[in-house]
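Please read the structure below before turning to the comments.
The values are calculated or read from the model by the stated rules, or taken from the named source; none is laboratory data. Since the model is a prediction, treat every value here as computed from it, not as a measurement. Here the Cβ is made from the backbone with ideal geometry for all residues, glycine too, and neighbour counts use every protein chain on show.
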Amino acid sequence: MRLSPRFRLVLVLPVSSALCTSAGESVGAPLLMQLHLFGAATPTGEAFGHCAALVEPSWKLYVYSRRSFIHRADFRDPVAFRPAGELGASAIWISFGPIWLLAPFLEQQARSHPERVSGLRGLIACSSSSALTKRYAANPFDRHLVSSLTSSEEQLLSTCRRLEIPCRILQPTLIYGQVGRYSDRNLSRLLQLLRRLPLLPLPSSTGLRQPIHARQLAAVAFRMAQQLSRRDCDPALSERIPLGGDVPLSYRAMLQALQQAQPSGDPARRCYLLPIPSRLFYLLMAPLLLYSPKAFEAVLRIGADLAGFIPSHQLLAEPPQPFPLPDLP
């Protein structure tokens with residue numbers, strides 16, 4: 001199977017950070033392994049390709065996307081799935097796709113095509129910290145999201161236990177960064193807002209955040225894959241891993257750091273962050289409740305502490321990384 005030009009580039013492009021190289025310093029040689037990467041058309045999926053090529057070049061990496069640029073895998077259509085590689089060979093699945101679609105997809109494969117999971121040695125899935133931070137949300141959208149995330153995590157863990165496959169579910173918070181052509185939907189939107197507005201009102205007291213770059217998340221997932229291949233996972237580590245970046249900082253400080261990271265002349269640097277008394281800020285935002293309860297609750301979370309997650313550098317056994325990290329071209 002010929003690789004697309006984009007993924008030929010991914011497999012040779014150097015990484016300027018030590019994030020990936022440090023992940024390969026575990027004791028003992030990894031077993032030969034097939035990696036099946038789902039959700040390749042995401043910033044984290046793209047960054048994972050860098051790690052796999054640089055750290056374990058002997059491993060075979062098969063990438064999947066419903067966009068079908070190499071191997072097609074649509075979690076909504078499990079019947080059409082045709083796995084690449086050698087059936088029965090030792091393999092690890094890594095998914096950055098929606099976990100609420102992955103869970104029934106794996107269940108269907110195990111039930112209808114057990115030969116496709118016979119060589120599976122581990123599974124790493126990406127969920128979201130929203131399963132924790134939005135548990136007490138008042139609006140129905142967020143309540144449904146939490147229910148979907150938690151039930152999918154349970155289904156995935158139940159299937160893996162039945163198959164006797166170790167599973168790690170990453171629950172990252174506030175993923176940011178651009179890798180190749182793919183960009184996040186979190187801080188990139190805030191950056192666009194800063195570029196459009198001359199000033200941005202904020203409550204005088206803002207809560208903590210712990211943003212994690214897509215390549216940090218990819219490096220953690222790859223480190224987990226290495227550990228699963230050696231069967232040397234930390235027994236103290238939970239199956240669910242709430243994960244964040246290395247720098248907890250206030251919402252306002254996060255925006256300021258984001259501004260200063262932009263090149264000189266970028267309009268985002270000129271936006272003035274205007275602190276106003278918190279009570280007045282939320283009073284001014286109150287009409288938003290009538291228009292969009294979901295958006296109003298998002299505004300309320302500006303004042304909440306959404307940090308305290310495991311910093312990525314602890315799992316990678318490397319020094320803490322600053323915020324923001326530079327993007328990968």
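Condition check ((1) at pLDDT 90 or above; (2) out of contact with any Gly (no Cβ under 7 Å at 6 or more places or on another chain)) across all residues:
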{"residue": "Ile70", "(1), (2)": "no, yes"}
{"residue": "Asp74", "(1), (2)": "yes, yes"}
{"residue": "Val79", "(1), (2)": "yes, yes"}
{"residue": "Glu86", "(1), (2)": "yes, yes"}
{"residue": "Ile92", "(1), (2)": "yes, no"}
{"residue": "Gln109", "(1), (2)": "yes, yes"}
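Counting only strands (runs of 3 or more DSSP E) that sit wholly inside segment 30-109, those with at least 3 residues that are surrounded by fewer than 21 Cβ atoms within 10 Å (Cβ to Cβ) are 60-65. For segment 243-250, indicate whether the set of residues that are closer than 23 Å to Ile175 by Cβ, surrounded by fewer than 16 Cβ atoms within 10 Å (Cβ to Cβ) and within 23 Å of the chain's Cα centre (by Cα) is non-empty. No. Here Gln260 passes the criteria (1) under 20 Å from Leu191 (Cα atoms); (2) touching a residue at least 12 places away in the same chain (Cβ under 8 Å); (3) surrounded by fewer than 17 Cβ atoms within 10 Å (Cβ to Cβ) except the one numbered (2). Evaluate the following for Tyr291: is it at pLDDT 95 or above and aromatic (Phe, Trp, Tyr)? The answer is no for Tyr291.
Scan segment 64-97 residue by residue and report those that are more than 16 Å from Gly122 (Cβ to Cβ), in contact with a Leu (Cβ under 8 Å, 6 or more places away or on another chain) and not hydrophobic (A, V, I, L, M, F, W, C). The answer is Tyr64, Arg76. Given the structure, is Ala23 under 21 Å from the mean Cα position of the chain (by Cα), of a type in the set (Gly, Ala, Ser) and either closer than 23 Å to Asn186 by Cα or at pLDDT 50 or above (or both)? Taking the combined requirement at face value, the residue does not satisfy it. Exactly one residue among Arg240, Arg215, Arg301 is in contact with a Gly (Cβ under 8 Å, 6 or more places away or on another chain), within 25 Å of Gln34 (Cα to Cα) and surrounded by 13 or more Cβ atoms within 10 Å (Cβ to Cβ), and that residue is Arg215. Pairs are defined by a Cβ separation below 7 Å, a sequence spacing of at least 6 or placement on different chains, a first member in segment 190-212 that is within 30 Å of His313 (Cβ to Cβ), and a second member that is part of a loop (DSSP other than H, G, I, E, B) and among the hydroxyl-bearing types (Ser, Thr, Tyr); the pairs so defined are Gln210/Thr173; Ile212/Thr173.
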